[in-house]
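Remarks on the structure that follows.
Readers should treat all values here as calculations from the given coordinates under stated rules, not as data from a laboratory. As the structure is a prediction and not an experimental result, all values here were calculated from the model. Using ideal geometry, Cβ is built from the backbone for each residue, glycine included, and neighbour counts are taken over all protein chains shown.
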Amino acid sequence: MDDKKPLNRRQFFKSAFADIARAALEFNREKKNLIPKVRKILRPPGAVEESLFNKLCTACNECIKVCPHFCIRGSDSEEEARIGTPILIADKAGCKQCPDQPCITSCRDGALRPVQDETVSSIGLTDKW
Ligand code: SF4
Ligand code: SF4
């Protein structure tokens, strides 16, 4: 198209619409870059605050072994949490909040501690939350 020739009404709207669509696309692209990638990682119930948890947890895997619902796994990437430390698999298995809290009683290192108030959901959060 000749750039110097004035646009007719149809061409004008077509061109304006294309500009708006381009701007919207660019805006969305930038918005995506601005949104931080949040990793949603949970610790098992009774987990103490994350920095203390990392000092205490020996990654012994006991809490993982005793969970009857297979909802804890060991971290396999430093990006999510220290390797081997327990992570609650919330999206697939889901913690059933066992009344006898076997995960907590299995922890001999104080990283998971008894939840006194049964009405409080005490699932721990890692610092990557
Ligand atoms: S409360 Fe029960 S289901 Fe939840 S993590 Fe502990 S052992 Fe597994
Ligand atoms: S039982 Fe305690 S020390 Fe062992 S992996 Fe679980 S939280 Fe860590």
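For the peptides 80-86, 67-73, the ranking by mean Cβ contacts within 10 Å, running from highest to lowest, is 80-86, 67-73. Listed by chain and number, the aspartates and glutamates whose alpha-carbon sits under 19 Å from that of residue 5, ignoring those within fewer than 8 places in the same chain, are 19.
So if each residue of separation counts as 0.36 nm, and I subtract the Cα-Cα distance between residue 58 and residue 108, what length gain in nm does that give?
Numbers: separation 50, 0.36 × 50 = 18.00 nm, distance 0.96 nm.
Gain in length upon complete extension: 17.0 nm.
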